[in-house]
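For reference, the structure is listed below as structure tokens.
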Amino acid sequence: MVERVVVGPMNTNAYIYSEWKKECVLLDPGADAELIIKKLALINMKPRGIVLTHGHIDHVSAALSVKLHYEEHDVPVHIAIHAEDARFMGSRARKAHSDAFGDEESSGYERLDEAIADLPEPDLTVAHGEKIFDADLLVIHTPGHTPGSICVYSESQGLVFSGDTLMFEDIGRTDLPGGDRETIIRSVRERIFVLPEHTRVCPGHGPFTTLEREILHNPYFN
């Protein structure tokens, strides 16, 4: 099961992924914690973990609120991010986001300081090739948008959560500190386009797509 919840001023796609009856993995809760929690209650799901495809504020800002809500109900929720983007969380978050965005206008958040004030330290960091939360979810390290950007692949379900690495006929922006255009293109070519072409792409923003469509029509690769 995959459910999408569009959140925040940047219209970020947060995803609920489940292989189980009542548990799920939550990906990129970037804002609107109450909306995400309401959706989880509606489909009778509780998260066993939160995966962040990268550390930018529009993908992480609701992580703590979601985590605390469920822990108040004795449901432990662990937050996972790639080690190279861990600086966007916890005690280093303010500097990392200020360095990345510079001001509120660039981040899309009118109150950037408030949004990053309570970002938690991650409970664990992930690396390329790892499976996470005892699920059929494989971490694929795809730097370029940020140094620690990842995609998360389910072979059994034929889908990849691509964060801001690959989107509908587009790639993530590379003009922010830590971004690199050549690196993100290489990441997609060498680590994402090698997956089966029928793989469904669940991006961090915008509509769903498939690898076949992106291989054929994405202007960055043609």
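Nothing in this text is a laboratory measurement; each read-out follows from the coordinates by a stated rule. Everything numeric in this text was worked out from a predicted model, so none of it was measured. Neighbour counts are summed over all protein chains in view; Cβ atoms, including those assigned to glycine, are modelled from backbone coordinates with ideal geometry.
For this structure, a couple of remarks:
- Over 28 Å between alpha carbons, listed pairs LYS38/LYS95; LYS95/LYS131; LYS22/LYS67: LYS38/LYS95; LYS95/LYS131
- GLU182/GLU34 FRET efficiency (R0 30 Å; Cβ-Cβ; nearest 0.05): 0.15
- Between the alpha-carbon centres of the range 1-25 and the range 34-59 there is a gap of 6 Å.
- Around VAL77: net Lys/Arg minus Asp/Glu count, Cβ-Cβ under 13 Å: -2
- Exposure proxy ranking, count of Cβ atoms within 10 Å, fewest first, for VAL126, VAL194, VAL5: VAL194, VAL5, VAL126
- Computed over the chain with a Gaussian network model linking Cα atoms closer than 10 Å, the most mobile of ILE81, ILE171, ILE43 is ILE43.
- Rounded to the nearest 5, the antiparallel percentage of DSSP beta bridges internal to the range 2-221 is 60%.
- In plain terms, the chain is cut at each of the GluC sites (Glu not before Pro) found in a DSSP loop with at most 11 other Cβ atoms within 10 Å, and the longest leftover piece is 111-222.
- The alpha carbon gyration tensor of the range 2-221 gives principal lengths a ≥ b ≥ c with a/c of 1.5 or higher and a/b no greater than b/c, which makes the shape oblate.
- Exposed-loop-free span, longest in the chain, where trypsin sites (Lys or Arg not before Pro) count as exposed if DSSP calls them loop and at most 11 other C-beta atoms lie within 10 Å: 112-222
- Per-pair calculated FRET efficiency, R0 = 41 Å: PHE168 and LYS22 via Cβ, rounded to 0.05: 0.80
- Estimated translational D of the range 1-103 in µm²/s (Stokes, Kirkwood radius over Cα pairs; 4 °C; 1.567 mPa s): 94 µm²/s
- VAL194-ASP99 pseudo-label distance in nm [points 7 Å out on the Cα-to-Cβ vector]: 3.0 nm
- Secondary-structure-derived ellipticity at 222 nm for the chain, considering helices only, amounts to -6000 deg cm²/dmol, per-run term -39500 (n - 2.57) for DSSP H runs with n ≥ 4.
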